[in-house]
1. Residues that are surrounded by fewer than 21 Cβ atoms within 10 Å (Cβ to Cβ) and acidic (Asp, Glu): find the helices (runs of 4 or more DSSP H) completely inside segment 122-235 holding 2 or more of those.
2. Residues being exposed (fewer than 13 other Cβ atoms within 10 Å of the Cβ) and within 30 Å of MET189 (Cβ to Cβ): count how many of those fall in segment 1-28.
3. Considering only residues that are over 21 Å from TYR33 (Cβ atoms) and either in contact with a Pro (Cβ under 9 Å, 6 or more places away or on another chain) or aliphatic (A, V, I, L, M) (or both), look in segment 159-186 and name the one that is modelled with the lowest pLDDT.
4. May I ask you to list the residues in segment 46-82 that are away from ligand 2 (no atom under 16 Å from the Cβ) and open to solvent by 50 Å² or more (accessible area, probe 1.4 Å)?
5. What are the pairs with Cβ atoms under 7 angstrom where one residue, in segment 72-85, is at pLDDT 95 or above and the other, located anywhere, is part of a helix (DSSP H, G or I)? Sequence gap at least six, or different chains.
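The values are calculated or read from the model by the stated rules, or taken from the named source; none is laboratory data. Not measured: the values here are computed from a predicted model. Virtual Cβ from ideal backbone geometry, glycine too; neighbours counted across all protein chains shown. Note: accessible area is taken over every heavy atom of the protein model, side chains too, but ligands, DNA and RNA are not part of it. Shrake-Rupley method; radii C 1.70, N 1.55, O 1.52, S 1.80 Å.
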Amino acid sequence: MRELKIKMTGITKVFSTDEMDTHALRGIDLEIYAGDFVSICGPSGCGKSTLLSLLGLLDMPTNGQYYIENNDVSNLSLAQAAEIRNAKIGFIFQSFNLIDELSVFDNVALPLRYAKQVPTNSELEQRVMQCLEKVDMAHRAKHKPNQLSGGQQQRVAIARALIANPAILLVDEPTGNLDSKNGDAVMDMLMQLNQEGTTLCMVTHDSRYAEMAKRKLHLLDGQIVDSAAVLAEVG
Ligand code: ADP
Ligand code: MG
């Protein structure tokens, strides 16, 4: 049986202000297994980024249960959430979020320098170069991010996301800031990583890219709906 990486049951998220409550997620049930590539597709405002930030422990749910590798992470302090996030989650965002002052090498190394057990320099070097090779960027290790194309920067961001061997890679609109050629290249890279065993969960409003996943989910008004319901909605 395949290992269960992620399990959510009955997850809700309500953003409350004095004026109103926004129900961003309304009862999400989700299971992601080792080696999965899940895409979550849906229109703007349906809750994609909210779901991803809960999956990534950047925020806590209002209600419901969330487990990462069978550990209950439904209700953590900020410090606990940060520790588990650093160890278990890799993020890829639309904006690459690289640090311009640091070399490609140091950008990728950064998560390991904040890890609970900081590796030796030679371990660190080996691990960073391995990850850069995976995304075909080893030859740019000494460059600064602003000396690279958008597609290359996103590949460096992918290497950084892989560095701590995360349980899952969370991807939010990875091609949003890229032209279609670079976008396609980044998607090819993600599919290749998945074939090599990386577990992926990607949210996107681009149905063409969502189709590349092994398992496609649709989010509508904060709920996962089946594909037939989406087709009915569209037309
Ligand atoms: P998507 O990523 O699918 O475009 P979001 O997850 O960003 O959607 O947003 C879902 C809903 O929650 C939207 O109605 C949005 O306005 C609302 N929302 C998201 N974040 C917040 C927040 N921090 N405070 C209040 N409302 C929010
Ligand atoms: Mg979003």
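1. So the answer is 180-195.
2. Within segment 1-28, residues that are exposed (fewer than 13 other Cβ atoms within 10 Å of the Cβ) and within 30 Å of MET189 (Cβ to Cβ) number 3.
3. Among those residues, the one meeting the criterion is LEU178.
4. Listed by number, the residues that qualify are THR62, ASN63, GLN65, TYR67, ASN70, ASN71, ASP72, ASN75, SER77, LEU78, ALA79, GLN80.
5. Hits for this filter: VAL73/ILE84.
This table checks each residue for (1) part of a strand (DSSP E or B); (2) modelled with pLDDT under 95; (3) more than 10 Å from ligand 1 (Cβ to nearest atom); (4) farther than 30 Å from LEU178 by Cβ.
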site: GLY27; (1), (2), (3), (4): yes, no, yes, yes
site: VAL38; (1), (2), (3), (4): yes, no, yes, no
site: SER49; (1), (2), (3), (4): no, yes, no, no
site: ALA87; (1), (2), (3), (4): no, yes, yes, no
site: LEU102; (1), (2), (3), (4): no, no, yes, no
